[in-house]
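The values are calculated or read from the model by the stated rules, or taken from the named source; none is laboratory data. Just so we're clear, the structure is a prediction, and the values are computed from it rather than from any experiment. Note that each Cβ is placed from the backbone with ideal geometry, even for glycine, and that neighbours are counted across all protein chains shown.
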Amino acid sequence: MEYVAMLLILLVCHVYEGYVSATVRYYVSKPLATWSRNGNYIYAGLNKLHEEATILQNTCDPVLSSIQLRHISLHQFNDAYECLSGNELVEAYILKITTYPSLSIENNVRNELDEEITSLVCRADNVLAPITLTWFVNEQRESDELFSETNDHSVTSTFSFNQFGNATTVKCQVNGSHIKPASVTYNYHMSTSGKNFFILVVLIRN
């Protein structure tokens with residue numbers, strides 16, 4: 001798709017006392033501003049070219065270029081937007097997103113050789129890779145797991161441990177360059193009646 005500046009020549013004739021004079025006026029139209037996403041044109045001026053285009057307003061000018069988007073999803077992460085004036089590239093942008101993870105944890109307690117072993121599964125949703133998931137037991141770092149990719153913006157990790165005394169605190173923490181740090185805590189307690197119970201706490205740090 002190409003947009004070319006148009007040259008309009010207007011001939012104005014004047015008749016005055018039998019004499020004819022002519023004035024030639026030149027009008028050069030401003031090149032049409034277009035926006036593309038990942039190489040596909042989505043807007044030309046105010047005309048929407050793609051059904052999924054979400055631009056609210058835009059300017060494409062060598063002095064000031066801006067674009068306003070709506071309905072942003074994690075699937076648009078790293079999308080490339082380009083602003084062109086006619087055939088000339090004015091500005092290029094890469095869409096960056098920072099997310100707030102959603103954490104959950106599940107437990108599975110089993111007995112083996114008179115030892116009580118707990119397996120915890122930590123799931124982090126709404127995340128972008130790369131992401132590091134870290135396990136802590138009673139505030140001591142036990143393991144780190146690096147995820148270079150996600151499964152539909154979700155990751156899971158399993159951690160097994162022996163119960164230490166009557167109370168154990170296990171924390172699952174996630175960090176990444178495109179997410180807000182967050183953690184979920186599993187508090188295990190042995191009651192005097194011999195029945196186990198746990199408390200789940202989810203924290204997201206700003």
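Considering only the stretch 31-59, state which residues are modelled with pLDDT of 75 or more and among the hydrophobic types (A, V, I, L, M, F, W, C). The answer is LEU32, ALA33, TRP35, ILE42, ALA44.
Restricting ASN87, ASN108, ASN166, ASN138 to residues that are modelled with pLDDT under 95, under 30 Å from LEU32 (Cβ atoms) and over 27 Å from the mean Cα position of the chain (by Cα) narrows the list to ASN87. Which of the residues belonging to the stretch 141-156 are hydroxyl-bearing (Ser, Thr, Tyr) and more than 15 Å from the chain's Cα centre (by Cα)? If the condition is that a residue be hydroxyl-bearing (Ser, Thr, Tyr) and more than 15 Å from the chain's Cα centre (by Cα), then SER143, SER148, THR156 are the ones that fit.
Scanning the stretch 133-155 for residues that are touching a residue at least 24 places away in the same chain (Cβ under 8 Å), crowded, with 16+ Cβ neighbours inside 10 Å and part of a strand (DSSP E or B) turns up LEU133, THR134, TRP135, PHE136, VAL137, VAL155.
Applying the selection to the stretch 156-168, what residues are surrounded by fewer than 18 Cβ atoms within 10 Å (Cβ to Cβ) and in a strand (DSSP E or B)? Hits for the stretch 156-168 are THR156, THR158, SER160, PHE161, ASN162, ALA167.
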